[in-house]
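Step one of this worksheet: look at the structure below.
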Amino acid sequence: MSINILDAINFQVDTNSLLETFHINAESDVARQLAALAHTASQIGKPKAVYKEAVIEAKGHDYIIVDGIKLTSQILRTNLESTQKIYPYVLTCGRELADWADTLDDMLAAFWADKIMEMALETAVTAFESHLETHYNPGSISNMNPGSLEDWPISQQKKLFSILGDPLNKIGVQLTDSYLMLPLKSLSGVRFHSSIEFVNCQLCSRKNCPNRRVEYHRNAAENYNLKNKK
């Protein structure tokens with residue numbers, strides 16, 4: 001299957017949204033400083049995405065094989081029981097923004113830039129989802145990310161990157177020896193068709209997580225455990 005590279009994503013920083021987020025008076029000098037920073041970021045920012053449609057070649061008890069590469073996770077395998085395709089992806093705010101942010105010596109400007117990079121990543125997510133829907137029409141989909149659950153450890157990032165070829169060369173995302181992505185405002189995972197929405201958070205009991213999307217459901221976790229024991 002061919003690899004899709006989205007490297008011409010339009011990105012414009014929503015200054016009003018930033019002002020609201022940081023509770024800054026729009027008429028203040030600070031607001032003008034933020035607006036100037038946002039203007040620069042809009043000129044520099046190039047969020048990107050790389051993904052592909054991949055056919056599952058084999059399924060085992062706790063793994064699947066895609067493009068000859070073994071992804072090991074009981075939960076992932078269970079979620080893919082009724083589908084033969086996945087959509088591996090890597091999304092990023094873009095190295096351009098990350099390199100620019102690294103040059104900012106002012107702590108407040110760096111704080112603002114961090115939020116702007118998050119906004120760029122969100123733009124990449126939206127562009128990816130739109131492209132996926134338009135070109136592959138997968139229907140209702142769910143998502144899993146390496147490292148979000150103990151069952152699918154972050155070390156599986158390396159295999160996900162292998163399925164996509166070379167994300168560093170394609171969109172500038174580097175995988176470190178500890179399997180973290182650079183730029184840090186990057187996201188990887190797989191999308192797949194699912195009639196029942198799956199969210200990593202529902203199986204994660206971690207408390208006070210700032211990125212939690214849904215509550216932890218003990219029954220859901222127990223159901224997966226029961227399935228995996230069969």
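Readers should treat all values here as calculations from the given coordinates under stated rules, not as data from a laboratory. All values reported here derive from a predicted model rather than from experimental measurement. In this analysis, Cβ positions are derived from the backbone assuming ideal geometry, glycine residues included, and neighbour counts consider all displayed protein chains.
Taking 0.36 nm per residue of separation and subtracting the Cα-Cα distance, what length does fully extending residue 130 through residue 107 add? Don't jump to the answer; show the numbers that get you there.
Numbers: separation 23, 0.36 × 23 = 8.28 nm, distance 3.51 nm.
Full extension from residue 130 to residue 107 adds 4.8 nm.
Could you work out the local net charge near residue 83, counting Lys and Arg as +1, Asp and Glu as -1, over the other residues with Cβ closer than 12 Å to its Cβ? Kindly include the intermediate steps, with their values, before the conclusion.
On the way: positive: 59, 77, 85, 191; negative: 53, 81.
Once all neighbours under 12 Å are counted, the net charge is +2.
Take the Cα of residue 33, step 7 Å along the line toward its Cβ, and report every residue of the stretch 99-123 whose backbone nitrogen sits under 15 Å from that point.
Residues 104-114 fall inside that zone.
As a footprinting exposure proxy, order 95, 191 by other Cβ within 10 Å, with the fewest listed first.
Numbers: 95 18, 191 21.
Going from least to most buried by this count: 95, 191.
Return the loop-located GluC sites (Glu not before Pro) in the stretch 2-90 (DSSP other than H, G, I, E, B) with at most 16 other Cβ atoms within 10 Å of their own Cβ; answer none if there are none. Mind showing how you got there, number by number?
Numbers: sites: 20, 27, 53, 57, 81; in loops: 27, 53, 81.
Passing sites in the stretch 2-90 are 27, 81.
Using the structure shown, list the pairs from 52/85; 70/158; 115/185; 59/170; 70/159; 48/185 with a Cα-Cα distance above 19 Å, or answer none. Before the final figure, lay out each step's value.
On the way: 52/85 10 Å; 70/158 11 Å; 115/185 10 Å; 59/170 29 Å; 70/159 7 Å; 48/185 11 Å.
Long pairs (Cα-Cα over 19 Å): 59/170.
Roughly what angle does helix 107-136 make with the longest principal axis of the chain, taking Cα atoms, 0 to 90 degrees, to the nearest 10?
The helix 107-136 is inclined about 50 degrees to the chain.
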